[in-house]
């Protein structure tokens, strides 16, 4: 789903999580200053602020965000009354807000010591951080790709495909940069396949602009467990793994999960046997493949091949 400004709704919400606390702390700022700080065109910025100005609480009479832009191109933000009341969140709501806020702090213009960061620190202190790891460090090339998205600039990349263990050269038309489960991704039109594809940014070895431009197009950034729904040739593997290895469910999209107390039975989308092989090696012998039959012995075969290679090297 895309908003009026052209960017996916998820991206626009994250932008506002950065922009609004910054503006609220200052009270007012020019569109030119904000455009430069948050790496947005003034048109995109105005669209986002207009969207925020329509937010509030029912019945929407005097409980709207006090936000407007004057004739001189200066945005003004007052603190609405409903923000001065104590905020009551359930634990899941709190962790969801914390996750979204941490992701927003990785976006252009975010102040690591600003009001959003301070609010998140207070929220984390209340919730506790045990067992919760948010690894959102950006690969160095991320900013360059964000700029390519904004400027609709085609890029040529050298990309490592983990499923085939090969490097390929591709011309991409970047459509969106987003993060999910602690990693950063690029959604782009790919000349090699002729389709819209998703690329892990940390696997882009090099990137340069071709000098070509392209027309804008609305795109939908995948969320949750919808990741691989449209990929051709996708297989589903059913794994039985110890509860202690629940990180698999938290890190990768899954179709279903059942818990019998000691083990999880997980239906996991698999793009290639080589990817599953590496995962099984990491999980160890306590994890078994329930289906399909062709992959039941994949983990044991992979371990045997690895040991044979090591002894041969010795």
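In nm, give the distance between the simple-model label positions of residue 50 and residue 208, each being 7 Å from the Cα along the Cα-to-Cβ direction.
4.1
Given 0.36 nm per residue, what is the gain on full extension from residue 273 to residue 200 after removing their alpha carbon distance, in nm?
Numbers: separation 73, 0.36 × 73 = 26.28 nm, distance 1.89 nm.
That pair, residue 273 and residue 200, stretches by 24.4 nm at full extension.
Specify, per residue and in Å³, the volume enclosed by the convex hull of the alpha carbon atoms belonging to the range 142-213. Each step should come with its number before you reach the end.
Numbers: hull volume 6.0 nm³, N = 72.
Hull volume normalised by residue count: 83 Å³.
Throughout, read-outs are computed from the coordinates displayed, never taken from laboratory work. Note that the structure is predicted; figures quoted are calculated from it, not measured. Cβ atoms come from the backbone with ideal geometry, glycine included; neighbour counts cover every protein chain shown.
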